[in-house]
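For reference, the structure is listed below as structure tokens.
The values are calculated or read from the model by the stated rules, or taken from the named source; none is laboratory data. It should be emphasised that the depicted structure is a prediction, and the values quoted were computed from it without experimental measurement. Positions of Cβ are generated from backbone atoms using ideal geometry, with glycine treated the same way; all protein chains shown enter the neighbour counts.
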Amino acid sequence: MLIASIFVLIVVIAAWLFVRHQRSLRRRAHLMREAIRNHDWSFRLNTRGLTSGERAMQETLNDLGEVIHQQVNQSEVESWERLARVLTHEMMNSTAPIASISQSLLRRDDVAGTPLEAGIRSINATATRLTTFVESYRKLAQLQQPKPEDVHLDAFFAEVQRLYPQLAWDVVGMDDVIVHTDPVLLQQVVVNLVKNAVEAGARRIKTHPQPLPSGRGDLRPEGEEHGAASPLPDGRGRGWVFFLSNDGAPIPAVDRDSIFIPFFTTKHGGTGIGLALSRQIMVRQGGDLELMDQPETGYAVTFRLTLPCA
């Protein structure tokens, strides 16, 4: 009788554990489905409490999300590059003759001092402005090929700080962090972000790193601990992200989805090239540039920059 009771108890416990495990798997599926529906390709679910087969499947799905994220960004960048090439060619063919002819007319003696001169000068100024605008397209279409090398982020940010001594810098945890990237292009990205921050009234900048895989979208089923993601099985990391925060004016919610679109700008006289070009530079090097949904505590805006490891 005792043995039968123990057997029944074991069966009940096993059935309860099985049902609980299935509920956990369903929660996982729900979280991943919602992440995909919201185009959040950086989702990651930990593998604690899974069997070896389930763990392998979860790791594959985690990797797949990151691959899709990279492919989406790469396709977006390539689309803008193709569009920029076409527009640059067509617009230069149209504006160059206008600028040249109007300039020639302004040199003529029978035009100088006549009512025609003001009109021709307006035409020439408009053509010149259009040419300048087309040069912005050229920057997107003719980005130099990255020349990656090992970059020590502590020395890198020390150099950037010297460019902006008027800011209060809080550089945390950059010692011994090495990334494999083009230092010239990376500086172009960081300087552009800091420049935008200064123009938005920022006085403080904070930056700190974090090893991949982890970061925004680090989803876990209900009841599981939220902690740092595990490294790869062989002990290597996949790279680094670092967060760049500033206390300038926040980016309006209505503009958050548009700031990386080429030529979108809210600044008077701005070209709308800086952030689009910065994201293109990061994607070209196997990384990414994102605006965080929630800024760092005490700051108004936080960007997340992803970089490959050395």
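Summary table below
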read-out	value
Members of the range 294-309 that are out of contact with any Phe, Trp or Tyr (no Cβ under 7 Å at 6 or more places or on another chain) and of a type in the set (S, T, N, Q)	Q294, T297, T306
Test: V77 is assigned to a helix (DSSP H, G or I), closer than 30 Å to L25 by Cα and at pLDDT below 80	no
Residue in the range 10-31 that is within 27 Å of R279 (Cβ to Cβ) and at pLDDT 70 or above present	yes
Selection count, the range 273-294, where residues are in contact with a helix residue (DSSP H, G or I) (Cβ under 8 Å, 6 or more places away or on another chain), outside any helix (DSSP H, G or I) and crowded, with 18+ Cβ neighbours inside 10 Å	4
Positions within the range 198-253 being at pLDDT 90 or above, farther than 27 Å from E34 by Cα and in a loop (DSSP other than H, G, I, E, B), in sequence order	A200, G201, A202, R203, D247, G248, A249, P250
All positions within the range 261-299 that are in contact (Cβ under 8 Å) with a residue 24 or more places away in the chain, over 22 Å from L130 (Cα atoms) and out of contact with any strand residue (DSSP E or B) (no Cβ under 7 Å at 6 or more places or on another chain)	Q280, I281, V283, R284, D293, G298
Residue check, Y164 surrounded by 12 or more Cβ atoms within 10 Å (Cβ to Cβ), modelled with pLDDT under 80 and among the hydroxyl-bearing types (S, T, Y)	no
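Matching residues to (1) at pLDDT 85 or above; (2) in the same structural domain as L275 (by TED's automatic domain parsing):
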{"position": "S94", "(1), (2)": "no, no"}
{"position": "A112", "(1), (2)": "no, no"}
{"position": "G119", "(1), (2)": "yes, no"}
{"position": "S122", "(1), (2)": "yes, no"}
{"position": "L130", "(1), (2)": "no, no"}
{"position": "Y137", "(1), (2)": "no, no"}
{"position": "V160", "(1), (2)": "yes, yes"}
